[in-house]
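Chemist: I'd like to ask you about the structure that follows.
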Amino acid sequence: MIDILPQATTKYSLDYYATDPIFSTPVAELRNKAKSIVASLRGRTIWMVNSTASGGGVAEMLPSLIALMNNLGIRFRWAVIRSDRQEFFSFTKRIHNLIHGDTASGTELGAEDARLYEAVNFENVASFKKELKPEDILIVHDPQPLPLGQILSREMGITAVWRCHIGLDRHMEATKTAWRFLKPYLDEYRHTIFSAPEYIPDYCADRSTIICPAIDPLSHKNQELSVTKLTGILCNSGLQTQYEPIVTPNFKHRVAMLTENGSYVVPNSLGLLFRPIVLQVSRWDRLKGWNSLLEGFVRLKSSAFVSNNENKIQRKKKRLELARLILAGPDPGAVADDPEGMDVLRQIQQRYAALDPKLRNDVAIVFLPMKSHKENSLIVNAMQRCASIIVQNSLQEGFGLTVTEAMWKRKAVLGTTACGIRRQIRDGIDGVLISDPENPAEIADKLGLLLNNSLRRYKMGRNGQRRVYDYYLIFRQMSGYINLLEKLI
């Protein structure tokens, strides 16, 4: 039942990173740290288990992490639980929402839920046990496969670690309900990993480690793009009309844009190379603040600028006139563990269809193809590099790798005070934070502040890239896992 994925590979080895003056120091430090543990782990496999192989930050991080850990001499593998029972993913989405304090999808977690939860995980255990040895180490990601680690720990004595990527920095009845429900499944786990100390429930406090998510700077999503390659990606994916011959062929799977009547078209020209672009790339999730961002942009477009300098007034008016909002996310049918995607999209589409036609031309709702991880990553990379401002208007955010990616690309980021985002962005230094992501007036005000101050955007982008280098590159994350493995063995 469980999917054992092929051994992850990465485009570049650690040797390649080490030859780059930017990465040579962190790679050397990482290798030195790993020396003491590689021999001790010989014969053991470290298994990463989650609920989807594509879509979302976990699936984004694991391939590079697993490949580079193997390159370091520590055997890592990746397994994904499977289920055809849609009610299972609806239930685990409810847990996800409750942990974030969101009660819109329901607040009750009862015995029937527990039976479904355990049954799906038990179905995955039988095939997985054949791959495991008692001395292996299991790192289970997020709530969906949580009972699997409990079962394997009991039946095989395997060391199980739970890695939680979500959380809320406030204790509410909704979060307490979720953590009470999960506690029995966590009792068998030897250790837990969280992205922020604020997320740790009391009963995990004495067996927890903080490891921040991280990006691979040379992955397809984060690598530098020459002008030729960037424009080639835009044309190959359907985001830009091709005016000149291009060496590379069109992608097999092209970008689609939602129209006001609900149909999909290849956009061909979103003005990414020419217009001021405000971009948000995320899952179609209510907690990502899509609707209030759209309302904020509408307010921005209708605002008037006041200045004593006539030339400045004209430039600001022209910039505002040309500004375009792009809301981009995955094909919702391609993300198996997020059943709410279509409902969220319907809400966005209804508001989009109701816009004045002139305003509607300045908003694009874009679906990113998911069938090719490489093509998807290159498309996101190109779009982020074309943006003037990258937004992450999350009501709650466990961490927010889209923020990390934007900062690495020296982009000004408009984020919120959600815990995962404010841990990355220092307000006014690496980006700008919104105190209320559901307040369109504040969003409009801060978008205007960034849009009309190119020097400020540049400085924030420069500071943001340095912050990612210091704290959120993959070498730092690997070091955290090595420290944990040393404790476990």
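Chemist: Based on the mean of other beta carbon atoms within 10 Å per residue, what is the order of 25-38, 77-90, most packed first?
Modeler: Ranked from most to least packed, the peptides come out as 77-90, 25-38.
Chemist: Considering amide H positions built from the backbone, and no H for Pro or chain starts, which residues 5 or more places from T192, or on another chain, come under 5 Å of its amide H?
Modeler: Correct list: W162, S208, T209.
Chemist: On to the next question. List the relative contact order of the chain as a percent without decimals, with contacts defined as Cα pairs under 8 Å and 6+ residues apart.
Modeler: With pairs under 8 Å counted, the relative contact order is 16 percent.
Chemist: Where does the charge balance sit around E295 when Lys and Arg score +1, Asp and Glu -1, over other residues with C-beta under 15 Å from its C-beta?
Modeler: So the surrounding residues net to +1.
Chemist: Additional query: For a quick protection proxy, order the peptides 291-300, 455-464 by their average other-Cβ count within 10 Å, most packed first.
Modeler: 291-300, 455-464
Chemist: Oh, and also: Within a Cβ distance under 9 Å of I390, other residues only, what is the Lys/Arg minus Asp/Glu net charge?
Modeler: +1
Chemist: While we're looking at this one, here's another question. Compute, for the chain, the length of the dipole vector about the Cα centre, with Cβ point charges of +1 (Lys, Arg) and -1 (Asp, Glu) only. Units Debye, rounded to 20.
Modeler: It comes to approximately 1720 debye.
Chemist: Let me spell out the model: positive unit charges on the Cβ of Lys and Arg, negative unit charges on the Cβ of Asp and Glu, origin at the Cα centre of the stretch 227-471. What dipole size does that give, in debye rounded to 20?
Modeler: So the magnitude is around 1060 debye.
Chemist: Please say if the chain is rounded, prolate or oblate, where rounded means a/c under 1.5 for a ≥ b ≥ c the square roots of the C-alpha gyration tensor eigenvalues, and otherwise the choice is prolate for a/b larger than b/c and oblate otherwise?
Modeler: prolate
Chemist: How big is the gap, in Å, between the Cα center of the stretch 64-103 and the Cα center of the stretch 410-489?
Modeler: Answer, in whole Å: 24.
Chemist: Just check the stretch 1-98 against the gyration tensor rule for me: Cα atoms, a ≥ b ≥ c as the square roots of the eigenvalues, rounded for a/c under 1.5, and otherwise prolate or oblate depending on whether a/b exceeds b/c.
Modeler: Prolate is the answer for the stretch 1-98, as a/c is 1.5 or above and a/b outweighs b/c.
Chemist: Could you rank the peptides 405-416, 154-165 by their average count of other C-beta atoms within 10 Å per residue, with the highest value first?
Modeler: 405-416, 154-165
Chemist: If you don't mind, another one. Helix-only estimate, please: 222 nm mean residue ellipticity of the chain, summing -39500 (n - 2.57) across DSSP H runs of length 4 or more and dividing by its residues, to the nearest 500.
Modeler: -14000 deg cm²/dmol, from helical runs alone.
Chemist: Checking the a/c ratio against 1.5 first, then a/b against b/c, what shape does the Cα gyration tensor give for the stretch 227-471?
Modeler: Taking the square roots of the gyration eigenvalues as a ≥ b ≥ c, the stretch 227-471 is rounded.
Chemist: Round to a whole angstrom and tell me the spacing of the C-alpha centers of the stretch 201-267 and the stretch 106-160.
Modeler: Their Cα centres are 33 Å away from one another.
Chemist: For the stretch 413-425, just list the computed ³J(HN,Hα) in residue order, Karplus coefficients 6.51, -1.76 and 1.60, θ = phi - 60°, integers in Hz, with x standing in for Gly and Pro.
Modeler: Couplings: 10, 9, x, 10, 8, 3, 3, x, 7, 5, 6, 8, 9 Hz.
Chemist: Going from the alpha-carbon gyration tensor of the stretch 151-288, what semi-axes, largest first and in whole Å, does one get by taking the root of 5 times each eigenvalue?
Modeler: The equivalent ellipsoid of the stretch 151-288 has semi-axes of 45, 19, 15 Å.
No lab work stands behind these numbers, since they all come straight from the coordinates. Given the structure is predicted, the values throughout are model-derived calculations rather than measurements. All Cβ positions, glycine included, derive from the backbone under ideal geometry; neighbour counts span all protein chains shown.
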